[in-house]
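Everything on this sheet refers to the single structure shown next.
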Amino acid sequence: MLYQIHEWQRSFLGPLSYFAQANAKMLSEPGSLLAQLPGAQRMAAGYELMYRLGKEYEKPEFGIHNATAHDHTIAIVEQVALDLPFCQLKRFKRFSDDPATIEAMKADPVVLVVAPLSGHHATLLRDTVRTLLRDHKVYITDWVDARMVPTEAGAFHLDDYVAYIERFVRHIGARKLHVISVCQPTVPVLAAVSLMAARGEDTPLSLTMMGGPIEPRSNPTGVNNLATRQPLAWFKGNVIHTVPANYPGHGREVYPGFLQHAGFVAMNPSRHLSSHWDFYQNLLRGDLEDAEAHRKFYDEYNAVLDMPAEFYLDTIATVFQQFLLPRGLWDVAGERVKPSAIKTSALFTVEGELDDISGLGQTEAAHDLCSGIPADRRAHKVIEGAGHYGIFSGRRWRELVYPQVRDFIRRFHQPAG
């Protein structure tokens, strides 16, 4: 019922937001007579703020059409390498007309970026992908909004997420692959590679794990505490809802993106209020650069997706309440997850000093679990002054984290002897 109420509210606010957008344009466009009226700029700023607070935020595009590789500008074409009901494996194919650049790019390592399925779209990692394209062939998991997946596709559990990762690794080819997992997927990625190693399959050349809840009992954050404060039945009864009839996935049970977004905002409401007030003031001052930066950030931040209920509840129970991975008690499709079975993949863990989502030590715990990896094939780095998003996006990612990730991948680009 809550989902349907949300849809009614969205239907009501939609026309009002577009009305506000039209008024904002009429009162701010240089060629408009209305823009010459006294107080027009203030009214235009107010209308645009109203528009942005009421509009629907659709999934953004990656929008990566070119990059710089080997000191040359190259073209990027986004391709679907594998299309599954709940996820598309995307490849960012690089092209150049310079023979030397083409030859150099052929030798670049292949990287699979495993994006989180935790509310935001994979486009949140746009900066991660764009930076990696300098020196790598890049794939990414682009998770599908669960409300767009028909019920005929079946359920999607945490076990299915692990199976998807295994399938992607096999599709690309583990012998030439380096995997980077950001936040939530560090857990299922570690499980997938552990299971593959235990079966005697090839595993990726390296694993880079960034800001993930491998061991949530270490320095628990507000996110961890929220997951443990209530029993699983509370989550089932309060945050799981049914997709209404106006979507392809109608009838599917999900954790709605609008609830997840409300949770994001509730973590720091004063910061978001201040940001919107600053946006309004920037419009009044004519500070178009800062205003555009605000638009770009919230176009991404406010675009959320629904998660399959089974996956969400499995994650709460397995990762945040029962701690099955660090306790060595996690079974996936009847197979025990044993990270100690990983022998040949190199391991690099990255944490942000100020991470308020995955606390210090939670990702580093992977080293204790992966006892089969020799010490000289493992590394850990804490990025001073970085929060959760700073380790994979923004200046700190580009200037501090990326060079170390790049060098680690290059160091272990050949199979272990």
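The table below lists the values:
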item: Meets criteria (at pLDDT 95 or above, buried (at least 19 other Cβ atoms within 10 Å of the Cβ) and either under 27 Å from His72 (Cβ atoms) or touching an Asp or Glu at 6+ places or on another chain (Cβ under 9 Å) (or both)) for Phe156; result: yes
item: Any hit, the stretch 135-147, residues being in contact with a Cys (Cβ under 8 Å, 6 or more places away or on another chain) and among the β-branched types (Val, Ile, Thr); result: yes
item: Meets criteria (more than 13 Å from His70 (Cβ to Cβ) and of a type in the set (Val, Ile, Thr)) for Thr101; result: no
item: Count of residues meeting criterion [surrounded by fewer than 11 Cβ atoms within 10 Å (Cβ to Cβ) and of a type in the set (Asp, Glu)] in the stretch 272-292; result: 1
item: Pairs, first outside the structural domain of Ala163 (by TED's automatic domain parsing) in the stretch 330-344, second surrounded by 13 or more Cβ atoms within 10 Å (Cβ to Cβ) and of a type outside the set (Ser, Thr, Tyr), C-beta under 9 Å, six or more apart; result: none
item: Matching residues in the stretch 64-80 - criterion: being touching a strand residue (DSSP E or B) at 6+ places or on another chain (Cβ under 9 Å) and assigned to a strand (DSSP E or B); result: Asn66, Ala67, Thr68, Ala69, Thr73, Ile74, Ala75, Ile76, Val77, Glu78, Gln79, Val80
item: Condition met for Ala20 (small (Gly, Ala, Ser), closer than 30 Å to Pro244 by Cα and either assigned to a helix (DSSP H, G or I) or in the same structural domain as Phe279 (by TED's automatic domain parsing) (or both)); result: yes
item: Flag for Gly417 being at pLDDT below 95 and farther than 18 Å from Asp202 by Cα; result: no
item: Among the residues listed as Pro213, Pro269, Pro231, Pro220, the single one being surrounded by 14 or more Cβ atoms within 10 Å (Cβ to Cβ) and out of contact with any Cys (no Cβ under 9 Å at 6 or more places or on another chain); result: Pro220
item: Residue satisfying all of: in the stretch 200-211; touching a residue at least 60 places away in the same chain (Cβ under 8 Å) and not hydrophobic (A, V, I, L, M, F, W, C); nearest to Ser393 (Cα to Cα) among these; result: Gly211
item: Of all residues making up the stretch 15-70, the number that are closer than 26 Å to Gln260 by Cβ, in contact (Cβ under 8 Å) with a residue 40 or more places away in the chain and among the aliphatic types (A, V, I, L, M); result: 3
item: Among the candidates Ala245, Ala262, residue that is over 29 Å from Leu89 (Cβ atoms), under 19 Å from the mean Cα position of the chain (by Cα) and surrounded by fewer than 22 Cβ atoms within 10 Å (Cβ to Cβ); result: Ala262
item: Count of residues meeting criterion [surrounded by 12 or more Cβ atoms within 10 Å (Cβ to Cβ), among the aliphatic types (A, V, I, L, M) and out of contact with any Lys or Arg (no Cβ under 7 Å at 6 or more places or on another chain)] in the stretch 72-103; result: 5
item: Test result for Thr141, hydroxyl-bearing (Ser, Thr, Tyr) and part of a helix (DSSP H, G or I); result: no
item: Count of residues meeting criterion [farther than 27 Å from Phe168 by Cα and within 21 Å of the chain's Cα centre (by Cα)] in the stretch 34-87; result: 2
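A quick yes/no check of all residues on (1) modelled with pLDDT of 95 or more; (2) over 25 Å from Tyr389 (Cβ atoms):
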residue	(1), (2)
Pro269	no, no
Ser274	no, no
Leu284	no, yes
Ala291	no, no
Asp299	no, no
Thr315	yes, no
Arg336	yes, yes
Phe348	yes, no
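Yes/no per residue for (1) closer than 19 Å to Val113 by Cα; (2) in contact (Cβ under 8 Å) with a residue 24 or more places away in the chain; (3) among the small types (Gly, Ala, Ser):
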| position | (1), (2), (3) |
| --- | --- |
| Cys370 | no, yes, no |
| Ile383 | no, yes, no |
| Phe392 | yes, yes, no |
| Leu400 | yes, no, no |
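The values are calculated or read from the model by the stated rules, or taken from the named source; none is laboratory data. Quantities reported herein were computed from a predicted structural model and do not represent experimental measurements. Note that each Cβ is placed from the backbone with ideal geometry, even for glycine, and that neighbours are counted across all protein chains shown.
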